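The values are calculated or read from the model by the stated rules, or taken from the named source; none is laboratory data. None of the values given here were measured: they were computed from a predicted structure. We place every Cβ from the backbone using ideal geometry, glycine too, and count neighbours over all the protein chains shown.
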Amino acid sequence: MKHVIFFLMAVAAVGQRFYADDPLDREPAPRNVEKALNRKLSDYYDLLSHQFGHVGEPQPKSGPPIRAQAVNTLGEPMDGAWYTKRHYDRRMTLEELKRGPGDSLAPSGSQWTVIGAKSEGITPGFTILDGAKRRYFIKFDPLTNPEMATAADSISARFFYALGYHVPQNYIIYFTPEQLVLGDDVQLADATGKKRKMTSRDIYEILVKVPRTKDGRYRATASLAVEGKPIGPPRYDGTRKDDPNDVVPHEHRRDMRGLHVFSAWLAHDDSRAINNFDSLVQENGRQYIRHYLLDFGSTLGSGSQRANSPRSGAYYFTWKGASTQLFTLGLAPPHWARAHYGHYPAIGLFEGDAFDPERWVPEYPNPAFLNRLPDDEFWAAKQVMAFTDQEIRTIVSTGEISEREAEAFLVECLIKRRDKIGKTYFAKVLPFDRFRLQGGTLAWDDLSQSVPDARVAWFSFNNMSGERTPLTSMPASGYGAAEISAPSRPGQTIVLYTDSGRIAGIDRNWR
Amino acid sequence: MKLRFACVACLAVFGGSVVPLEAQAPTRADTIERARDIKAAQLEPDEVSPMERRLRALRDQKWLERASSGYNGFRAKIGNMVTGGGFAIGPEYFREDLFRGNMVARASAQFSTRGFQKYEAQATLPKLAGGRVSLEAFGSHRNYASLQYYGTGPDRPKDLRTVYRLEDTSIDGIAAIKPVRHVKMGGSLGYLWTNVGPGDDSRFASADQVFTPAQSPGIDRQTNYLRPGVFGQFDYRDNPAGTAKSGGNYVFQYSWFLDQKLNQFGFRRMDIDLQQFVPFFNKTHVLAFRAKATLTDTDRNQQIPFYLQPVLGGSDDLRGFRPFRFSDRNSMVMNAEYRWEIFSGLDGAAFADAGKVFPRRGMLNFRDLESSAGFGLRFNANNATFLRIDTGFSHEGFQLWFKFNDVFLGRVFGTTTGQPVY
């Protein structure tokens, strides 16, 4: 069915290029979702199918590529269930960046009721209700790396929020064991899934496995439960069969393709389906599915339970890589094996010198990431580059890393990685954006500040047939098209469409 | 059916070629709404595939964990039999939740395809004094039908392969303290009953038919031992429970084997095991070194029974030689391995081994070493090796080893059974 919807959308696009309401800033109000199945995905299946199978619709091996969808005619994802334009479009203040998705709902009250716990694993956690009966998931740092996972969770949630995604509110909290009160008849599952009634001793047993601060308190991430009814994670391919609003295969969504670049920047190598989250939410009398990114404990060099592997940023397995290592007896080590890391337990394994945005990949193939094109990368890179050093510093401060040198190192790495992302992806398409028409002339920002020889050719544009006729200047009325090129960037062009003195759309082309 | 519906929807929504598209879809929002119309007409539960459901159940219902932890404490114990014993399996009762997780207890019985038997029982209190003190009781009975024996001494010919049956029963109590980080020390006290008999392998002669008591002490009469011992360990490996990639592990043990029956076979034994791991390329490559020596000592008129003598050869030391190829009163072995990551989950290894057995402690030197070299693959998960395939080459040929443990974690055969540091 998805192909039929594609076809219909394509027919619409071929017949008439622009409509009266283009460019659309927001998606139309979502359809009401009567019911949606709460299903869990298998991380084993996800790994195996993505590593060894064919998932989603890949880019064709020849012919024109499949451009990103779920975007308006400017190439921007529309505000809606997946995404909301934020920092790049409407610059957030330092205070807003620090606040992220919210800063007023930290667990309240002097005592919190433990209503669930996870005792198995190296980094156990709790589910609590605070004094206002709000539900939080409490996660800790590993003993070997105090502050690491909690800082990463806090910082990355704010970055991803500023980048436009829906994320939960994550708070760094400090508490004493006396603040935890065991709820009635709380069940605890052991490592084999066998359930029994939880006791106060179990709380003690969990806290023994996590680090304490110098003043004897426990530091943790309190992740406020996302509003609405949880219905399991969205995949990086296809669409949800029970969501009428989910009409674009996820591997073709710009916000999912561009997530590759954001994940590379923040070393979110754990960017797989089970770390996403769908929730059935109520808004304006309608019920619809909102899509979240979750669980950033494995970012910025953290591996949640330990410092991340130096392999982070490379696939678990590739035939070529494995063969090379096998037959060279490891004497041709991969580039990531030669990276140098700071020795900061609160950071884990994170760096900016060996980082190469073009080489970075998550733990295993992701169909949306694989489908990204230079214009997807540009869309993401311009947002990464929009963060100033001061803004990065401000967001990193929300990680409450006690060692100043470690915090400064993290900022330095993020700045280096940001700059590499800009340099890499601004070179693949003409890096012009923020177009505007000023007194009959076309102006823009050169985001790379490296293309001085741009030139513009004007055309009239037939919105129904797509025909273009050369003009000497911007047409005063009707549709026009401005083709921007630069001799220093052969093969890279931007075609900007105008409609009676306003910008109607943008095409980015590359060779 | 779906296609037919979609075509109808297509005509309904866009009117085919009869109705101009613009008239039907005057806005971008309309085109999106029409795509939603089509999707809305075909909604169905977003179920996962049967395969994914099964894999999810495997994880959610913790089938792997249940299989390894068993049912109500009962599970299958596979492998971990002495080299040459064949494939071993048997029931094991394992509990680590006793006394609120403060006691670990297990008991097992294993039988192998070569008729070997091993019974073990163990109870441990690992968390006393906040984890600084541990107490352990360990008992075992082993009945190994056909252990290999080539005679005592470094120059015994390869063709002189014989077999013998070893039966022993031991109980040991072990107390250990961890006074500071990385350091563990303690003592043990145990009792050991031993018995040997004709080997049960028709392919080879029985040891008692080939060797005399003068050549192989204790081949005719066996004794029992009171076995006190002390040990110390400095262990700063990054992953003591699995495959270490950095750090070191230095173990010293001293045991007294006090003959309680014949007053002929009392001896003292010192074990030194030094391991060092040098990582490079971000721990994707590791140079692993081990030097291990076992030195024994007797009073006048006392001898060390052949079945308690240090041995070399096999999957854990001289990998190009058969199991227990060399035995004598003393042994030393050095191993060097170069390990590299092939991909996440598989490491390659190239190794070299050198060692010897020798009758007098004064011969502890680097002369007349037997050597082997080879390569291997190590399959790992959760930072531990679950399958090791090593091929070792020596002047006596080559040996292929399939093992379910890390190369330096193997227990010393025949002595210090139940010591916590092995």
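Output the number of residues of the stretch B:362-376 satisfying the condition of being more than 24 Å from B:LYS158 (Cα to Cα) and either surrounded by fewer than 16 Cβ atoms within 10 Å (Cβ to Cβ) or in contact (Cβ under 8 Å) with a residue 40 or more places away in the chain (or both). Number of matching residues: 1. The single condition among (1) touching a residue at least 60 places away in the same chain (Cβ under 8 Å); (2) buried (at least 18 other Cβ atoms within 10 Å of the Cβ) that A:PHE459 does not satisfy is (1).
Filtered by the rule that a residue be of a type outside the set (Val, Ile, Thr) and either part of a strand (DSSP E or B) or without any contact (Cβ under 8 Å) to a residue 12 or more places away in the chain (or both), the stretch A:462-496 gives A:SER465, A:GLU467, A:ARG468, A:PRO470, A:LEU471, A:TYR479, A:GLY480, A:ALA481, A:ALA482, A:GLU483, A:SER485, A:LEU496. Restricting A:THR239, A:THR299 to residues that are in contact with a His (Cβ under 6 Å, 6 or more places away or on another chain) and closer than 23 Å to A:TRP379 by Cβ narrows the list to A:THR299.
Look at the stretch A:162-190 and say how many of its residues are out of contact with any His (no Cβ under 9 Å at 6 or more places or on another chain) and part of a helix (DSSP H, G or I).
Count: 3.
Of everything in the stretch B:315-327 that is buried (at least 24 other Cβ atoms within 10 Å of the Cβ) and part of a loop (DSSP other than H, G, I, E, B), the residue that is farthest from the other protein chains (Cβ to nearest Cβ) is B:ARG325. Among the numbered conditions (1) more than 14 Å from every other protein chain (Cβ to nearest Cβ); (2) in contact (Cβ under 8 Å) with a residue 40 or more places away in the chain; (3) under 30 Å from B:GLY86 (Cα atoms), the only one that B:ASN239 does not meet is (1).
Would you confirm, using the coordinates I've provided, whether A:ARG90 is under 28 Å from A:PRO230 (Cβ atoms), of a type in the set (Lys, Arg), more than 14 Å from chain B (Cβ to nearest Cβ) and part of a loop (DSSP other than H, G, I, E, B)? Can you show your working first?
Working: under 28 Å from A:PRO230 (Cβ atoms): no; of a type in the set (Lys, Arg): yes; more than 14 Å from chain B (Cβ to nearest Cβ): yes; part of a loop (DSSP other than H, G, I, E, B): yes.
So A:ARG90 fails the test.
Pairing each residue of the stretch A:38-53 that is within 8 Å of chain B (Cβ to nearest Cβ) with any residue that is surrounded by 21 or more Cβ atoms within 10 Å (Cβ to Cβ) and among the polar types (S, T, N, Q), provided the two are 6+ apart or on different chains, yields no C-beta distance under 8 Å.
Restricting to the stretch B:230-256, name every residue that is of a type in the set (A, V, I, L, M, F, W, C) and in a strand (DSSP E or B).
Keep residues of the stretch B:230-256 that are of a type in the set (A, V, I, L, M, F, W, C), which gives B:230-231, B:234, B:241, B:244, B:251-252, B:256.
B:VAL230, B:PHE231, B:PHE234, B:VAL251, B:PHE252, B:TRP256 - these are the residues of the stretch B:230-256 that are of a type in the set (A, V, I, L, M, F, W, C) and in a strand (DSSP E or B).
Please determine, by comparing only the residues of the stretch B:257-278 that are outside any loop (DSSP other than H, G, I, E, B) and touching a Gly at 6+ places or on another chain (Cβ under 7 Å), which one is nearest to B:GLU341 (Cα to Cα). Per the stated criteria, the residue is B:PHE277. The set of residues in the stretch A:86-131 that are at pLDDT 95 or above and of a type in the set (Gly, Ala, Ser) contains only A:GLY100. Of everything in the stretch A:214-248 that is assigned to a strand (DSSP E or B) and of a type in the set (D, E, K, R), the residue that is nearest to the other protein chains (Cβ to nearest Cβ) is A:LYS229.
Whether a residue is among the hydrophobic types (A, V, I, L, M, F, W, C), assigned to a loop (DSSP other than H, G, I, E, B) and away from chain B (no Cβ under 14 Å) was assessed, and A:ALA346 passes this test.
Among what's in the stretch B:52-66 and is basic (Lys, Arg) and facing chain A (nearest Cβ under 7 Å), pick the residue that is farthest from the chain's Cα centre (by Cα). Among those that are basic (Lys, Arg) and facing chain A (nearest Cβ under 7 Å), it is B:ARG56.
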